[in-house]
Amino acid sequence: MEEDLKYLLSGYRKYTKTTQREVAQMLDIPLFIYTALETGAFKQPSEHTLAKIKGLTTEFDEENLKHIGRGYMIKDELGPDFKYFLRGLKKEKGLDLQELDKMPTEECLRTIGSVDMDEFDVLEIGRTV
């Protein structure tokens with residue numbers, strides 16, 4: 001769970017439309033620890049914190065939350081280069097960009113986050129198209 005924890009937390013927060021502060025309060029942890037968990041800077045949370053996270057996310061499909069969180073992070077991380085990432089997805093995975101554009105934001109980013117390739121590899125492919 002730890003390796004995908006940042007995606008799970010980010011996906012939960014985006015899906016539930018809550019702030020980092022609100023999720024930190026729900027987990028009863030300081031905001032700076034929550035922020036570090038969501039960015040992946042805090043690598044070894046306590047078993048107690050992991051149990052709280054599990055309890056918070058248990059009613060949701062964790063894989064979907066992870067994909068949503070990863071999709072948001074990819075989009076944020078790539079910024080203006082995101083368009084090349086999308087071109088790379090079209091070339092490598094045959095993704096229909098018009099269909100992707102018609103999807104609600106959350107569904108679109110869930111789809112993007114579920115791609116089983118490194119985002120920078122996809123980005124480089126998209127730059128050559």
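The values are calculated or read from the model by the stated rules, or taken from the named source; none is laboratory data. The shown structure was predicted, so the numbers you read here are calculated from the model rather than taken from an experiment. Every residue, glycine as well, gets a Cβ built from its backbone with ideal geometry; the counts of neighbours run over all protein chains shown.
The table that follows gives values for the structure above.
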{"item": "Those residues of segment 71-100 which are out of contact with any Gly (no Cβ under 6 Å at 6 or more places or on another chain) and touching a residue at least 40 places away in the same chain (Cβ under 8 Å), in sequence order", "result": "72, 73, 74, 77, 78, 81, 83, 86"}
{"item": "Of all residues in segment 81-117 being assigned to a helix (DSSP H, G or I) and of a type in the set (S, T, N, Q), the one that is nearest to residue 7 (Cα to Cα)", "result": "111"}
{"item": "Output for segment 7-30, where each listed residue is over 14 Å from the mean Cα position of the chain (by Cα) and either small (Gly, Ala, Ser) or in the same structural domain as residue 68 (by TED's automatic domain parsing) (or both)", "result": "24"}
{"item": "Pairs, first surrounded by fewer than 16 Cβ atoms within 10 Å (Cβ to Cβ) in segment 101-128, second modelled with pLDDT of 95 or more and not small (Gly, Ala, Ser), C-beta under 6 Å, six or more apart", "result": "114/67; 127/84"}
{"item": "Candidates 60, 42, 32, filtered to the one that is among the aromatic types (Phe, Trp, Tyr) and in a helix (DSSP H, G or I)", "result": "32"}
{"item": "Check on residue 78, at negative phi, under 17 Å from the mean Cα position of the chain (by Cα) and in a helix (DSSP H, G or I)", "result": "yes"}
